[in-house]
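The values are calculated or read from the model by the stated rules, or taken from the named source; none is laboratory data. Worth saying up front: this structure is predicted, and the values here are computed from it rather than measured. Backbone-built Cβ (ideal geometry, glycine too); neighbour counts: all protein chains shown.
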């Protein structure tokens, strides 16, 4: 199978704008060069096979290959804000762009320099166990076997009408809690940026996280896809969290739902589950009588 590249698609939808709006295409090339293109319709250069055809327009600007630029995307004032900065100097470029929709395409294989930078970065982080190293290598191989990967990022309001981001892959979505997304030119990696500024590469996409969680959850449990969230811990690490419901019987007769909170450590693939004791006297009583 030919590996054509990984496509990361950042999208922002506005209910008030049903007509076509401007979009920004960011294309990271196999050489390491990053080009920015403006388009009237998101993904207008995609051909019938789903891959990116040659852009018809000249790029509005280009980041030279072998650079150490970081392209960060975050919601701002009803749009997506795109900022570019130099990782080595932390100096921002003069132009900060805004667009309703942003599309980032990057190759599956890093350049030799990007691979060296990535390995150096990994050495500076805590090393996972040998077992988890094997799992993460298998996950990496699985990711590379996907000839084209499409990920969507869009605005998602919570129950208090606060703006947030939602990551979607293969029809599975996860809400990003207080996080931004960024592309690192020096390593060819897409990362999650925590509120405290710490960055971590997201090893699992939402569909992979749900698959991993289901593997380590009881067969009788129903894993909630709609409640899946990506959270950043105090140390900057990433975890997926969701709910799982198991049907038990009170006194072996009456059915009763028991909820658990399931957590996946993104950096290791470790899954843990903790049953949630319900509130209210009778609910707690039924819980204690359920087997």
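Table for the structure above
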item: Residues of the range 58-72 satisfying the condition of being touching a strand residue (DSSP E or B) at 6+ places or on another chain (Cβ under 8 Å) and either more than 16 Å from residue 24 (Cβ to Cβ) or not in a loop (DSSP other than H, G, I, E, B) (or both); result: 61, 62, 63, 67, 68, 69, 70, 71, 72
item: Residue 277 vs. criteria at pLDDT below 90, more than 25 Å from residue 135 (Cα to Cα) and loosely packed, with under 12 Cβ neighbours inside 10 Å; result: yes
item: Test for residue 168: is it over 30 Å from residue 113 (Cβ atoms) and out of contact with any strand residue (DSSP E or B) (no Cβ under 6 Å at 6 or more places or on another chain); result: no
item: Total residues in the range 246-272, condition out of contact with any strand residue (DSSP E or B) (no Cβ under 9 Å at 6 or more places or on another chain), farther than 15 Å from residue 206 by Cβ and at pLDDT 75 or above; result: 1
item: Test: residue in the range 73-86 that is in a loop (DSSP other than H, G, I, E, B) and either at pLDDT 85 or above or buried (at least 16 other Cβ atoms within 10 Å of the Cβ) (or both); result: no
item: Any hit, the range 32-43, residues being at pLDDT below 85 and either surrounded by 18 or more Cβ atoms within 10 Å (Cβ to Cβ) or in contact with a helix residue (DSSP H, G or I) (Cβ under 6 Å, 6 or more places away or on another chain) (or both); result: yes
item: Selected residue [in contact with a helix residue (DSSP H, G or I) (Cβ under 8 Å, 6 or more places away or on another chain) and at pLDDT 80 or above] from 113, 139; result: 139
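Yes or no, residue by residue, for (1) in a loop (DSSP other than H, G, I, E, B); (2) at pLDDT 90 or above; (3) more than 15 Å from the chain's Cα centre (by Cα):
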site	(1), (2), (3)
175	no, no, no
197	yes, no, yes
200	no, no, no
203	yes, no, no
207	no, yes, no
210	no, yes, no
217	yes, no, yes
230	no, yes, no
